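J.: Provided herewith is a single structure, encoded as structure tokens, for subsequent inquiry.
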Amino acid sequence: MAEARTTFDVIVAGGGLVGAAAALGLARAGHEVALIDQVAPSIHKGALGFDARTVALNPASMNLLESIDVADSLPRTPFRHVFVWEERGTRHIEFDAQAVGREALGHIVEVSAGVMTLWAAMADESRITPIIGAAVDGIEPTAHGVTVRLGDRAVLGRLVLAADGGESKIRGLLNGGDARFETGHAAIATVVEVERQHQDTAWQIFRSDGPVALLPLTGRDDRHFVSVVWSQVEARAAEHMRLSDEGFMRALERAVERKLGAVLAVDKRHSFPLMQRVADRFQPAPRVLLIGDAARVLHPLAGQGVNLGFEDVAGVLDVVREVGIDGVGAGGADDAEVWRAFVRRRRTRAQIMVRAMDAFRVAYSISDPGIAWLRNVAVDVLNGAPFIKTELMREALGLR
């Protein structure tokens with residue numbers, strides 16, 4: 001796959017999960033694709049043998065990966081149940097895969113392993129030209145395409161997909177802007193060994209200072225592991241990062257009420273600030289689309305960030321099948337409206353999700369006993385309402 005070619009049907013900026021899936025899907029559909037990234041991917045493993053960065057892929061995301069022939073080779077851990085409770089509450093809510101006729105509610109995937117799986121598939125796809133070690137430093141949309149400048153080199157595409165992350169360079173170059181929703185929170189991500197089996201369950205507790213999620217990972221030699229995502233106010237997160245490993249393990253045990261028994265070992269901890277954002281324009285210029293985190297960034301409490309990115313990819317593939325790369329199908333030039341309708345739908349969905357995540361965060365931060373009682377009553381009612389639970393699950397799983 002030589003880099004001499006300069007003209008492509010599609011240019012994808014960003015080779016993470018979303019960008020790589022988009023490149024592979026478009027190439028599988030017969031289009032010539034350039035994939036630009038500053039570095040080639042590599043596997044990241046901590047002392048316990050796992051990447052601390054994990055994502056929870058819902059069935060809709062797995063369907064996308066199946067459609068581009070990578071699901072079977074993707075290392076993953078299924079979870080069949082979700083158990084959610086509150087530190088001040090006496091009620092909980094459970095979700096089970098059988099209620100929606102599924103074998104699993106989702107799969108936990110280590111990010112670096114997922115990216116490497118997609119890149120391995122791309123290596124066998126002759127229609128993809130990877131351009132590694134290049135940074136986008138200019139972009140010029142024209143009536144017939146988009147020129148992307150990479151230092152002293154330029155490539156031309158009929159369509160550009162910016163999948164280059166929350167600090168998207170392409171969004172910045174095109175003055176795409178974004179609306180930011182401050183959370184005042186930071187997240188700590190790590191992997192821990194626990195005393196008890198996770199029971200194929202994703203566990204989440206809502207605490208006054210933020211939620212804690214324990215996501216199942218594949219065990220080894222009768223040892224049990226979970227990925228931890230602990231969202232909390234920034235000052236508290238800083239305190240927990242300063243603790244010794246032993247101190248952190250005991251703090252985590254208390255935070256999750258020893259749901260999985262003792263915490264036996266902890267890997268390196270990573271902390272990052274949490275900010276939600278939605279791009280002002282998902283199509284900041286003609287023939288340029290923002291997808292994945294370049295378009296929106298969500299609070300991790302619902303685990304929907306990468307799933308929305310894969311929804312973007314599936315939507316792009318649908319539009320390309322319907323009206324082609326240029327947005328002009330059998331119906332004539334007016335079919336370009338299909339692209340405009342696509343970006344309107346994606347931005348509206350992003351706004352709804354960001355505001356919903358913020359509402360959840362605020363609602364569970366209120367410590368007033370009366371509000372806590374109302375939350376418990378609502379949770380109890382919801383847990384006893386199978387139809388509503390099923391509809392909520394279908395939405396979260398991307399099955400609606």
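The values are calculated or read from the model by the stated rules, or taken from the named source; none is laboratory data. Since the model is a prediction, treat every value here as computed from it, not as a measurement. We place every Cβ from the backbone using ideal geometry, glycine too, and count neighbours over all the protein chains shown. The accessibility values were calculated without ligands, DNA or RNA, using every heavy atom of the protein model including side chains. Shrake-Rupley method; radii C 1.70, N 1.55, O 1.52, S 1.80 Å.
J.: Mind jotting down the distance between the C-alpha centroids of segment 279-327 and segment 47-96, whole Å?
T.: Segment 47-96 and segment 279-327 have Cα centres spaced 21 Å from each other.
J.: Once the whole set of protein chains is in place, how much accessible area is left on Trp230, using a 1.4 Å probe, in Å² to the nearest 10?
T.: Looks like 0 Å² after rounding.
J.: Can you pull the Rg over Rh of segment 164-274, Cα-only, Kirkwood?
T.: Ratio of gyration radius to Kirkwood radius: 1.07.
J.: For segment 171-176, take each phi angle, set θ = phi - 60°, evaluate the Karplus expression 6.51 cos²θ - 1.76 cosθ + 1.60, and give the result in whole Hz per residue in order, putting x for glycine and proline.
T.: Computed from phi, the couplings for segment 171-176 are 4, x, 5, 9, 6, x Hz.
J.: If the chain between Arg254 and Ala356 were fully stretched, how many nm would it gain, using 0.36 nm times the residue separation less the Cα-Cα distance?
T.: This chain segment gains 33.9 nm when fully extended.
J.: Also, quick follow-up: Can you work out ³J(HN,Hα) from phi for every residue in segment 201-213, in order, using Karplus 6.51 cos²θ - 1.76 cosθ + 1.60 and θ = phi - 60°, giving whole Hz and x for Gly and Pro?
T.: Listing the rounded values in order: 10, 8, 9, 9, 10, 8, 10, 4, 9, x, x, 10, 10 Hz.
J.: How would you rank 141-147, 170-176, 344-350, 49-55, highest first, on the average number of other Cβ atoms within 10 Å across their residues?
T.: Listed from highest to lowest mean packing, they are 49-55, 170-176, 344-350, 141-147.
J.: Highest mean first, what order results for 18-24, 310-316 on Cβ atoms within 10 Å?
T.: Highest mean packing first, the order is 18-24, 310-316.
J.: Quick one: 3J(HN,Hα) in Hz for segment 279-289, Karplus 6.51/-1.76/1.60 with θ = phi - 60°, rounded, Gly and Pro as x.
T.: Once rounded to whole Hz, the list reads 4, 5, 9, 6, 10, x, 7, x, 6, 10, 10.
J.: Based on the inverse mean of 1/r over its pairs of different Cα atoms, what is the Kirkwood hydrodynamic radius of segment 91-189, in Å?
T.: Result for segment 91-189, one decimal place: 18.2 Å.
J.: Amide H to amide H, which residues 5 or more places from Arg53 or on other chains are under 5 Å from it, using H placed in the peptide plane?
T.: The list, which skips near neighbours in sequence, is Val111.
J.: Per-residue counts of other Cβ atoms within 10 Å, averaged by peptide: what ranking do you get for 130-136, 209-215, highest first?
T.: The most tightly packed comes first, giving 209-215, 130-136.
J.: For segment 86-192, what does the relative contact order come out to in percent, with C-alpha contacts under 8 Å and a separation of six or more?
T.: This gives 12 percent for segment 86-192.
J.: Using R₀ = 56 Å, calculate the FRET efficiency as 1/(1 + (r/R₀)^6) where r is the Cβ-Cβ separation of Asp222 and Ile132; round to 0.05.
T.: 0.85
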